[in-house]
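Participant: A single structure is presented below for examination.
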Amino acid sequence: MLSGKTIILGITGGIAAYKGAALCSKLVQAGAKVHVIMTESAAKFITPLTLQTLSRNPVHTDTFDERDPSVVSHIHLADHADLIIVAPATAGTIAKLAGGHADDMLSTTLLAATCPIVIAPAMNVHMYEHPAVVSNMELLAARGAMFIEPGTGQLACGYVAKGRLAEPEDIANAVQSWFASSKLLAGKRVLVTAGGTVERLDPVRYLTNDSSGKMGFAIAEAAQLMGAEVTVVAGRTSAPPPAGIRLLRVESAQQMLEAVMAEYETLDIVVKAAAVADYRPVAASSSKLKKNGERLVLELERTTDILEQLGKRKKRQVLVGFAAETEQVAFYAMDKLRRKHCDLIVANDVGQAGAGFNHDTNIVQIYGEEGLIEALPLMSKREIGSRLLTLAAERLPQAGESGEYA
Ligand code: PMT
């Protein structure tokens, strides 16, 4: 399953470092080329020679121990890695990565890497639940790092609690399923809308909303990691757009409608994460409105419902809508799904802490025609994107099916 994949296994200084040997062995047996980087403290628990023997590659412990003058080791390793997994990951290394510190071979290589990073924490339960550690992990998750939760059981310090490194078998399986899903959308065209639309009153004033674009951008990044050709149609956003993704900037709901429709026939999956205005001013002034009188009454008219139009024209596309609600979430989600002929609806209660607008995280329930498919707990918008696109991929018409909407 991992043949041809280059994996960097980072081992840090906790008692679970000894499990790094079993994990290394499983990754090699699965066909991966494994390069091990150990922190100095990891080498106090297990020798580099053990990992060299298992990986059949030199083990790196010192940034300045350059054995091949033609390359800079930490850059060379980072550039050639398909995935980096840090297992066990101590609180110290998690903090270094979150803070962007690079004072040893592992943290330097992590900072130079552009490939996906998987972190398997292992530490005492109080450390694991310490606000600083929790905040570092949330920050890393928001940047797209994937975590493999520690298990609960006997800890080296005598506690029976959460904090044990996940079993090497489970970590190796998680790595393999990640690679399997990372080609799930190979050859597929995915379009995601993001951000809020801007409905102008005059050249200097407009109506908009709080959408930062983070949800749409996270879904686009997840689609890219899964091998898709990705286009983002973005309105007004405060978050930076993802690198290396085709970005079409628009302002108004009408412009978003036109941009999406122009691509629709060629698409396999459409995800409508944008917060599109339901109303716009009937008449936008070409010059700045002057203040006169105590009141200004605005007359607004409905915008075109883009999702509804996409539903009407759906052929083989998988159509994913969102529902931003503050009450009766299930009812409104299923109503939208049916009325707009969506394959999936992602509902979020935008009033919930950590959910909705501008957060790096969200809490969503994903609905299909059969009803609730999955209620996801608070997690990073990137993880939600991966989960959502996996469900969307399952709904792609199989080869030969027209997918024509009846
Ligand atoms: O961007 P973030 O800061 O990360 O915030 C994310 C989010 C809260 C914006 C996102 O999670 C979300 O809920 N997006 C949908 C917001 C919205 O417009 O929901 P709605 O229930 O009003 O619209 C339902 C669906 O119809 C949405 O897919 C929307 O894109 C679509 N729509 C709505 C109106 C319209 N004229 N055309 C549409 O296509």
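Participant: Once you sort the root eigenvalues of the Cα gyration tensor of the range 6-181 as a ≥ b ≥ c, which label holds: rounded (a/c under 1.5), prolate (a/b larger than b/c) or oblate (the other case)?
Facilitator: Values: a/c = 1.44, a/b = 1.32, b/c = 1.10.
Rounded is the answer for the range 6-181, as its axis ratio a/c remains below 1.5.
Participant: Additional query: Name the most mobile residue of Asn292, Asn57, Asn362, meaning the one with the largest mean-square fluctuation, in a Gaussian network model of the chain with Cα contacts below 10 Å.
Facilitator: Asn292
Participant: Let me ask something additional. Name all residues of the range 31-51 having a backbone nitrogen under 20 Å from the label point set 7 Å from the Cα of Arg67 along its Cα→Cβ direction, giving them as ranges.
Facilitator: Taking a point 7 Å out along Cα→Cβ of Arg67, the residues of the range 31-51 whose backbone N falls under 20 Å are 32-51.
Participant: Now a separate question. Bin width 10 Å, alpha-carbon pairs only: give the P(r) of the chain as whole percents, running from 0 to the bin holding the largest distance.
Facilitator: Going from the shortest bin to the longest, the percentages are 5, 20, 27, 21, 16, 8, 3, 1, 0.
Participant: Using a 1.4 Å probe on the protein heavy atoms, what percent of the accessible area of the chain belongs to carbon and sulfur?
Facilitator: Here carbon and sulfur together make up 53 percent of the probe-accessible area.
Participant: List the aspartates and glutamates whose Cα lies under 20 Å from the Cα of Lys162, skipping any in the same chain that are fewer than 8 positions away.
Facilitator: Result set, ordered by chain and number: Glu129, Glu138, Glu149, Asp170.
Participant: Still on this model: Mind listing the long-range amide H neighbours of Gly356? Cut-off is under 5 Å, sequence gap 5 or more, other chains count too, H placed in the peptide plane at 1.01 Å from N.
Facilitator: Ile363
Participant: Could you tell me the distance between the Cα centroids of the range 297-319 and the range 328-361, to the nearest Å?
Facilitator: 16
Participant: Next question. Taking a probe of 1.4 Å, how large is the accessible area per residue of the range 189-394, in Å²?
Facilitator: Numbers: 9500 Å² over 206 residues.
Using a 1.4 Å probe on heavy atoms only, each residue of the range 189-394 averages 46 Å².
Participant: Put +1 on the Cβ of every Lys and Arg and -1 on every Asp and Glu Cβ in the range 1-134; which of Leu2, His80, Thr90 then has its Cα farthest towards the positive end of the dipole?
Facilitator: My answer, from the dipole projection, is Leu2.
Participant: Please list, or write none, the lysines whose alpha carbon is within less than 21 Å of the alpha carbon of Lys336, excluding same-chain residues fewer than 8 places away.
Facilitator: Straight-line reach from Lys336, under 21 Å: Lys272, Lys312, Lys314, Lys315.
Participant: Then there's this: Calculated from DSSP H runs of 4 or more alone, at -39500 (n - 2.57) each and per residue, what is the 222 nm mean residue ellipticity of the chain, nearest 500?
Facilitator: Value at 222 nm, helices only: -9500 deg cm²/dmol.
Participant: Of Asn292, Gly187, Pro116, which is farthest on the positive side of the dipole of the chain, counting Cα position, with +1 on Lys and Arg Cβ, -1 on Asp and Glu Cβ, and the Cα centre as origin?
Facilitator: Of the options given, the answer is Asn292.
The values are calculated or read from the model by the stated rules, or taken from the named source; none is laboratory data. Predicted, not measured: the structure shown is a model, and the values here were computed from it. Here Cβ is always computed from backbone atoms with ideal geometry, including for glycine, and neighbour counts include all displayed protein chains. The accessibility values were calculated without ligands, DNA or RNA, using every heavy atom of the protein model including side chains. Shrake-Rupley method; radii C 1.70, N 1.55, O 1.52, S 1.80 Å.
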